[in-house]
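Chemist: Once you've had a glance at the structure underneath, I'll fire off some questions.
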Amino acid sequence: MEWLPPPNGHALAVLLLTAAALLLFTRERIALETSSLAVLVALALGFELFPFERGGQLLHATDFLLGFGHEALVAVCALMIAGQGLVRTGALEPVGRVLARAWGAAPAISLLLTLVVGALLSAFVNNVPIVVLLLPILISVSLRTRSPASGVLMPMGFATLVGGMSTTIGTSTNLLVVSVASDLGLRRLEMFDFFVPVAVAGGVAILYLWLVAPRLLPVRQTDLGDTSPRVFAAQLLITEGSFADGKALADAVDKTGGEMKVSRILRSEQTSLLPLPDAALRAGDRLLVSDTAERLKDYEGALGATLYAGDMPVDEDNPLHADDQQLAEVVVTQGSLLEGSSLSAARFSERYQLLTLALHRAGRHRQVLHSGLRDLRLQVGDVVLIQGAREQVAELKRRGDVLVLDATADLPSTRLAPLALAIMAGIILGAALDLVPIAISALTGVLLMLATGCLSWRDAARALNTQVILIVVASLALGAALLKTGAADYLAQLFVTATQGTSPTWLLSGLMLLMALMTNIVSNNAAALIGTPIAIGIARQLGLPEEAFVLAVLFGANMSYATPIAYKTNLLVMSAGGYRFSDFLRVGVPLTLIMWAVFSWLLPRLYGLE
């Protein structure tokens, strides 16, 4: 193998920073926004202190901030806001109703129909609202048929990911790759330019998700799909003069027939006691218990205690179990009131007059909602167990601030739904017919949604995701640094030298597989934006069609199937379906290999690389 001279100092520094960035992006303890901002600052500060000149042109540090005004980022943000308009107006309700009716008639065919509809919708709309639409339908079906929801939720989530890669606006990753490739001199790919290869590979993937994936998934029990009496966590407040006041814990347990299980005794906000049998109870203590609503009421009566949920007492005004009361789970979704906030900061209980009883987070046991947990920052995919009057729960559903999961969930619907659909159709047609760039089309659509009342400015602000914005800007800056310092060319030369003698087909296939591995470990946008200039460099050095290598990066970066952290909708279905990390490997790895194999066969033939 030919020995390559080392890159210049700036290129070497950028390569090291890129490696560090990819490592940072995998750290769960460090917010992705923080990692992205750190990379951006490191680039700007580094090139300000150590200027870089190439070909008589000075690379200015402020050039790395241009990503905030990049056309691709503008389009991504505008499409996120427009998608929120569809959610807020309930514009997708008819689709949900048709699918719900179909499941009652023919479950097997309905699963196929759900997968196909989810994939088609995701080709034009961000897949988060599509998953949010389909989750309650599938969970409701599993409750009625007494079949595990875990057999259908993951295939549905993966189908939306497959469909999202079929058009330039299907995912933010597609938009970014197409825009960056255009900036580097390639012709701008139109909306449906790569629809055919995705349709072929996606067809094989849908058959796998329909016929094979449900059989690979083990049955997972989850609170959301459990038809047995619901068990939830609560607090029993020992009142003065009650039976339990002054008694040992063992006596209190005996009074309940030995059924009550106490996990902790809260004496104050700062003090908690182990539930030892001889622990003396006194007025003001709170017992942390978990059981069905009926049993908790029995314990309340037997001990003369008062049920408590968070900092709101369960009393005549807020009873635990009454004819007009409902228990429901609400999922924190992207752009919702609770994302990145806490229950106390959002004033959730006061705002909706609902009791917040417990929190479920994927991979952890349900936690009791006491003072410390009220301040826990909520994440996308968290599930909060709530209770309140039927009217209040219905109002929460209508407002659409969160996704309400229960068997009778009504999808939000407003008179503005047809208008929101028409505006979204205009956005798509404007870009598809090449009348205006997608960024202009999407911005126009957002303005129309705001002007007609389909969206408020508060809704628009919630739709924007700082994580997406910062990872895109940081990745654009890294890509620019790799390109302008010669680091991308160096990596391309390294790749070409290491694979010398390999056929173009295997080069293309290998690059795609590398992107697929990266996207399941780091952000898919980061993998795509870093990989695009390298792919173009490889194609140019070998004199091969650049578009084929760009599509290899685009397809590989969209294969976010093998881990729950690879994409936000994976976290949503993980929580709702009770999945484990290994379940994603079990179903996602074969799906990745299927898509990779089909694209590896198709792309060389489409671009004459055989």
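No value in this document is a laboratory result; all are computed from the given coordinates. Not measured: the values here are computed from a predicted model. Neighbour counts are summed over all protein chains in view; Cβ atoms, including those assigned to glycine, are modelled from backbone coordinates with ideal geometry.
Chemist: I'd like the projected area of the stretch 472-586, averaged over all directions, using the convex hull of its alpha carbons. Report it in nm² with one decimal.
Modeler: So the Cα hull casts an average projection of 7.7 nm².
Chemist: How do 112-122, 473-483, 59-69 rank on mean C-beta neighbours within 10 Å, highest first?
Modeler: Taking the mean over residues of other Cβ atoms within 10 Å, the ranking is 473-483, 112-122, 59-69.
Chemist: Next question. Calculate, for R215 and D251, the FRET efficiency according to 1/(1 + (r/R0)^6) with r their C-beta to C-beta distance and R0 45 Å; round to the nearest 0.05.
Modeler: Values: r = 52 Å, r/R0 = 1.15.
It comes out at approximately 0.30.
Chemist: K297: which lysines have alpha carbons under 18 Å from its alpha carbon, excluding same-chain residues fewer than 8 sequence positions away?
Modeler: The qualifying lysines are K255, K261.
Chemist: Separate question: In straight Cα distance, which lysines are under 23 Å from K568, not counting same-chain residues fewer than 8 positions off?
Modeler: Hits, sequence-local ones excluded: K397.
Chemist: May I ask for log10 I(q)/I(0) of the stretch 239-304 at q = 0.13, 0.20, 0.22 Å⁻¹, from a Debye sum over the Cα atoms as equal point scatterers with solvent left out?
Modeler: Computed log10 I(q)/I(0) values: -0.30, -0.74, -0.91.
Chemist: Please get the size of the charge dipole for the stretch 239-304, origin at its Cα centre, with Cβ charges of +1 on Lys and Arg and -1 on Asp and Glu, quoted in debye to the nearest 20.
Modeler: 160 debye
Chemist: Here's something else I'd like to know. List every residue whose amide H lies under 5 Å from the amide H of L403, counting only residues 5 or more places away in sequence or on a different chain, with H placed 1.01 Å from N in the peptide plane.
Modeler: For L403, the qualifying residues are V331, T333.
Chemist: Right, something else. With θ taken as phi - 60° and the coefficients 6.51, -1.76 and 1.60, list the Karplus ³J(HN,Hα) couplings across the stretch 179-191 in order, rounded to whole Hz; mark glycine and proline as x.
Modeler: 5, 5, 4, 5, 4, 8, x, 7, 5, 6, 5, 7, 4
Chemist: On to the next question. Please grab the % of Cα pairs in the stretch 1-64 that end up more than 18 Å from each other.
Modeler: Beyond 18 Å sits 46 percent of the P(r) for the stretch 1-64.
Chemist: Assuming R0 = 45 Å, can you tell me the calculated FRET efficiency for the pair L16 and Q270, based on Cβ-Cβ distance, to the nearest 0.05?
Modeler: 0.45
Chemist: Give the peptides 497-506, 256-265 in descending order of average Cβ contacts within 10 Å, highest first.
Modeler: Highest to lowest by the protection proxy: 256-265, 497-506.
Chemist: Using amide H atoms built in the peptide plane, which far-off residues or other-chain residues are under 5 Å from F52 H to H?
Modeler: L59
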